[in-house]
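Here is the structure we will look at.
The values are calculated or read from the model by the stated rules, or taken from the named source; none is laboratory data. Source: prediction; values computed, not measured. Glycine also receives a Cβ, built like all others from the backbone with ideal geometry; neighbour counts cover every protein chain displayed. Remember, those area values only see protein heavy atoms, side chains included, never the ligands or the DNA or RNA. Shrake-Rupley method; radii C 1.70, N 1.55, O 1.52, S 1.80 Å.
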Amino acid sequence: MLYNLAVARRYGGDCKAALDTLEALVARDPEYGRAHQERGHNLLSLNRPAEAAAAFARAVDLNPGLLASWKALAALYEHAGRGERARAVARRVKELEALPSELRNAMDLLHEGHLRKAEALCRAFLREHRQHAEGMRLLAEIGVRLKIFDDAEFLLESCVEFEPDNAGARSDYLRILNRKGKFRQALEQARELMRLEPDNPVHRLSHANALAGVGRFEEAIEGYRRCLDGAANPAGIHLLLGHALKAVGDVDAAIASYRRAYELRPEYGDAWWSLANTKTYRFDDGELRRMLELQEAEGVARDDRVHLNFAAGKALEDRGDYAAAFTCYERGNALQRRRCGYSPELTARMVDAQMEVCTRELFEARGGCGHGAPDPIFILGMPRAGSTLLEQILASHSQVDGTMELHNILGLAQRLRGRTAAGGAQYPANLREIDPDYFRRFGERFIEDTRDYRAGAPLFIDKMPNNFLHIGLIHLILPRAKVIDARRSPMACCFSNFKQLFGEGQEFSYDLGWMGRYYRDYVRLMAHWDEVLPGFVLRVRHEDVLDDLEGQVRRMLDFCGLEFEEQCLRYYETERAVRTPSSEQVRRPIDRAAAEQWHNFDPWLGPLREALGPELAAAAN
């Protein structure tokens, strides 16, 4: 309604009134690309070219299919003497004009949020033009938005096979590989992009990202620094550089890089949150005031508002203002809830399916079919339950490599899931039916695909917490693997998740009620694994580690078949890359303070306590 009114006012010659209308629209929906495009048209009519260019640039950032904005930008950049930028935009105009109208319309629908309509239009086009690269790329992008990652990967892999020199398709393929945790394959694609277009700054950045993905952080850091020279988005590169520096333990340099990011782009919420997420940084009064102002400022994108709320919540919590901190945490989570598709009922059904299929009888019939490698140690359970500490302890042993949260088991489960003719998931029911030899092959593939993340020790750690849903699958493909359940008391664990903004996934954490129900499902599934696979899982309680470090270290090492090594008690001295939010905490001796922090927020945690139920909630006291 407001958009149509603004357009009518512009056509009526009242551009100032149109801008007033658009300001109200952008305040309500900062990510509506057409609103920014319309602002550009009005600003151009009022002879304000610099502001118009900024509006058009914001429009195409939000909706790359807005051809009118690209054309306006090309003319504005040319007039301003920005020849190189004008030529780059002109190339984009030419690419869009070359697209069939069906694909341009589908692209517009995609970026306006009409995913199913965009999908239908794109599929109809591809039925007539089966190997059209741009159509395949667009359908893959729609698949990513719908979280149908396997289909998107297949489309892009096929596209690259059809057109090996299509750098855009290969770049899209690289991104989906990174998203699915296939970092080694992503690095291969990054190298090919560098071969195709060695001077392309986007490809240089993709190469640095891929190096970070496989854990080659020192090379990635150098790559990011080279990318900063003449970068179009230096703030974003400083953010990535900060992440890599943090992973290798250079926290002071990481902080400097994060601060440089927000200096370059003050509303850059991810930079503010990254500072908070070091867990050691303390914001000064001016920084806190700025974050609170930006939360309410017009034109700040929703993602930035989310990050700013979580960052301000951490700053206020550090100051002991728990009521204000909880308000920020709740506001950030509420923004996330509005756009996530999480269903507690779906999680419960997934757990029910595992318990129904993965029985003693299944494991007696098929439990000896997998690959006999003893290499993997799976540390799993709830996020924010102390798994990074357990990983750091075990990775301090001379016979164990720490890696990262590997996606391989989740990826295998996704491939097995498929769809039945009736539309239901095949996995885990198909564990009863598939050729038993596949379990051995899956296990061998897991060992081979994870080799790039290892440094040569006999054993290695996979710390993906969500693997607790797939312990039955792990046992079938790798019966000699070790599984450690990192358990933390429910109230402490759940609230720690609620105030942690995850980069991706863990959508249950955006609501206290969802959080409590997820924890209950986790506990009942772990009890099931204890019953049907006795002795396969070692439970290590975070509070026990805090109370008796040496006793729990010896217990874990015995379970893994390892001799005791003193260095495991001095885990904080071990130099290795750590990617998780706890990276700085595990580089210090044990501190019990964090275990009790949830008590400061007890007045607001009623929905969590109710969802957990009296038995679980009482376990935290």
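With respect to being without any contact (Cβ under 8 Å) to a residue 12 or more places away in the chain, over 23 Å from residue 236 (Cβ atoms) and open to solvent by 40 Å² or more (accessible area, probe 1.4 Å), residue 4 fits the description.
Scanning segment 360-371 for residues that are outside any loop (DSSP other than H, G, I, E, B) and at pLDDT 95 or above returns 360, 361, 362, 363.
Considering (1) at pLDDT 95 or above; (2) under 27 Å from residue 606 (Cα atoms); (3) open to solvent by 10 Å² or more (accessible area, probe 1.4 Å), the lone condition that residue 498 does not fulfil carries the number (3). Given the criterion under 29 Å from residue 607 (Cβ atoms) and open to solvent by 30 Å² or more (accessible area, probe 1.4 Å), identify the matching residue among 267, 263, 296. Sole residue among the options that is under 29 Å from residue 607 (Cβ atoms) and open to solvent by 30 Å² or more (accessible area, probe 1.4 Å): 296. Determine whether segment 7-18 contains at least one residue that is under 26 Å from residue 295 (Cβ atoms) and modelled with pLDDT under 90. Within segment 7-18, not a single residue is under 26 Å from residue 295 (Cβ atoms) and modelled with pLDDT under 90. Which members of segment 310-343 meet the condition of being under 18 Å from residue 514 (Cβ atoms) and open to solvent by less than 10 Å² (accessible area, probe 1.4 Å)? Hits for segment 310-343 are 310, 329, 332, 333. Would you mind stating whether residue 576 is under 16 Å from residue 251 (Cβ atoms) and modelled with pLDDT under 95? It is true that residue 576 is under 16 Å from residue 251 (Cβ atoms) and modelled with pLDDT under 95. State yes or no: is residue 306 more than 30 Å from residue 603 (Cα to Cα), touching a residue at least 60 places away in the same chain (Cβ under 8 Å) and β-branched (Val, Ile, Thr)? In short, no. The set of residues in segment 286-313 being assigned to a loop (DSSP other than H, G, I, E, B) and at negative phi consists of 297, 298, 300, 301.
The residues of segment 208-259 that are over 27 Å from residue 85 (Cβ atoms), open to solvent by less than 40 Å² (accessible area, probe 1.4 Å), among the aliphatic types (A, V, I, L, M) and free of Cβ contacts under 8 Å to residues at least 40 places away in the same chain, listed by number, are 211, 212, 220, 221, 244, 245, 253, 254, 255.
Of all residue pairs spaced 6 or more apart or on separate chains, those with beta-carbon atoms under 7 Å, a first member in segment 589-610 that is assigned to a helix (DSSP H, G or I) and a second member that is modelled with pLDDT of 95 or more and open to solvent by 60 Å² or more (accessible area, probe 1.4 Å) are 600/322; 601/322. Looking across segment 146-203, just one residue is over 23 Å from the mean Cα position of the chain (by Cα) and of a type in the set (Val, Ile, Thr), and that is 160. Filtered by the rule that a residue be in a helix (DSSP H, G or I) and of a type in the set (S, T, N, Q), segment 487-505 gives 496, 497.
For residue 45, the criteria (1) farther than 24 Å from residue 297 by Cβ; (2) crowded, with 17+ Cβ neighbours inside 10 Å hold in every case but one, which is (2). Filtering segment 506-537 to residues that are among the aromatic types (Phe, Trp, Tyr) and either assigned to a helix (DSSP H, G or I) or open to solvent by less than 10 Å² (accessible area, probe 1.4 Å) (or both) leaves 508, 510, 514, 518, 519, 522, 529. Applying the set (1) of a type in the set (Gly, Ala, Ser); (2) modelled with pLDDT of 95 or more; (3) within 25 Å of residue 349 (Cα to Cα) to residue 424 leaves exactly one unmet item: (2). Give me the helices (runs of 4 or more DSSP H) completely within segment 215-285, filtered to those with at least 3 residues that are charged (D, E, K, R), ordered by residue number. Filter on segment 215-285 gives 217-227, 251-264. Just one of the listed residues (146, 126, 96) is farther than 26 Å from residue 299 by Cα, modelled with pLDDT of 90 or more and aliphatic (A, V, I, L, M), and it is 126.
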